[in-house]
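Reviewing the structure listed below.
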Amino acid sequence: MNDQLTELWARYESTAAMLLPPLEPDDGDTEASLVDVERALGISLPWLLRTFYIHTANRKDINQSMNRIVPPNRLTVDDGSLCFYEENQAVCYWGIAVDDLALDDPPVHRGTPQWRGNKVEKWDWFVENSRLSDFLMMMLIWQCSWGGMAYYANTTVDGAWANRMYEDVTGWDRLVDPGASGLRALWRDGQLLTFGGRGDIKLNACGKTREDLDAIALYFGVEWKRVRGG
């Protein structure tokens with residue numbers, strides 16, 4: 001472990017605390033249980049993945065609102081990869097190549113199983129994120145925007161306006177999905193805005209409170225077409 005990894009995890013924790021209830025000591029798995037999993041599989045988890053499990057494994061808002069973290073006791077090694085994350089309909093999985101497990105912040109591959117009957121005949125893998133830290137941060141944003149946060153609203157806006165807004169806004173953290181989706185995100189304490197695509201696009205807002213949705217609308221000068229939560 002080095003200072004850079006410590007800073008990456010601190011950024012993750014602070015972002016999670018801005019958008020969701022802060023992490024608590026009992027939100028994760030234990031070191032002992034992870035050691036048992038490693039022994040059973042004959043592998044060692046990367047530092048960052050181990051840290052993630054220890055701090056967040058039991059948090060549904062972080063790990064089950066959209067896609068799902070694979071619980072430690074269900075981790076498997078398939079086709080040379082440790083599969084640790086699954087798409088919400090099990091269409092695809094995300095994994096770390098066994099050869100990369102010694103890295104603290106390894107690349108993340110996305111794999112689609114090709115089935116023949118009840119058996120996987122082969123896997124189609126490609127690198128979706130060059131760093132696990134990028135993958136975990138983007139998944140946090142996805143989870144928050146798909147039910148992890150208490151309040152949600154959306155509207156449709158002009159794509160050119162949204163592009164200018166994203167480039168010019170100040171006082172918000174920002175992120176572009178380093179994977180395939182191209183999703184862009186802006187957030188500050190208790191407030192999250194995500195959007196992507198071209199032409200007229202859907203602007204999705206999430207907040208800890210209804211007042212947070214109102215504050216986002218006021219800041220960007222938009223009117224929500226749909227609001228839910230509470």
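The values are calculated or read from the model by the stated rules, or taken from the named source; none is laboratory data. Everything numeric here is computed off the predicted structure, so don't read it as measured data. Note that each Cβ is placed from the backbone with ideal geometry, even for glycine, and that neighbours are counted across all protein chains shown.
Enumerate the strands (runs of 3 or more DSSP E) found wholly within segment 107-182, keeping only those where 2 or more residues are within 23 Å of GLY80 (Cβ to Cβ), of a type outside the set (Lys, Arg) and modelled with pLDDT of 90 or more. Don't jump to the end; show me each part of the working.
Working: elements: 108-116, 119-129, 151-158, 173-176.
Ranges flagged: 108-116, 119-129.
With the requirement that a residue be among the β-branched types (Val, Ile, Thr), more than 22 Å from PHE135 (Cα to Cα) and in contact with a helix residue (DSSP H, G or I) (Cβ under 7 Å, 6 or more places away or on another chain), what does segment 167-217 give you?
Residues of segment 167-217 that are among the β-branched types (Val, Ile, Thr), as a first pass: 169-170, 176, 194, 201, 209, 216.
From what's left, more than 22 Å from PHE135 (Cα to Cα): 169-170, 201, 209, 216.
Within segment 167-217, just ILE201 meets the criteria.
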Filter result (among the hydrophobic types (A, V, I, L, M, F, W, C) and more than 14 Å from THR156 (Cβ to Cβ)) within segment 214-230: ALA215, ILE216, LEU218, VAL227
Test for THR76: is it in contact with a Cys (Cβ under 6 Å, 6 or more places away or on another chain) and surrounded by fewer than 19 Cβ atoms within 10 Å (Cβ to Cβ): yes
Tell me the residue from LEU23, LEU48 that is closer than 26 Å to GLY148 by Cβ and crowded, with 17+ Cβ neighbours inside 10 Å, please. LEU48
Return the pairs, sorted by first residue and then second, in which the second residue is exposed (fewer than 15 other Cβ atoms within 10 Å of the Cβ) and acidic (Asp, Glu), the first residue lies in segment 211-229 and is in contact (Cβ under 8 Å) with a residue 60 or more places away in the chain and part of a helix (DSSP H, G or I), the beta carbons are less than 8 Å apart, and the residues are 6+ apart or on different chains. ALA217/GLU223
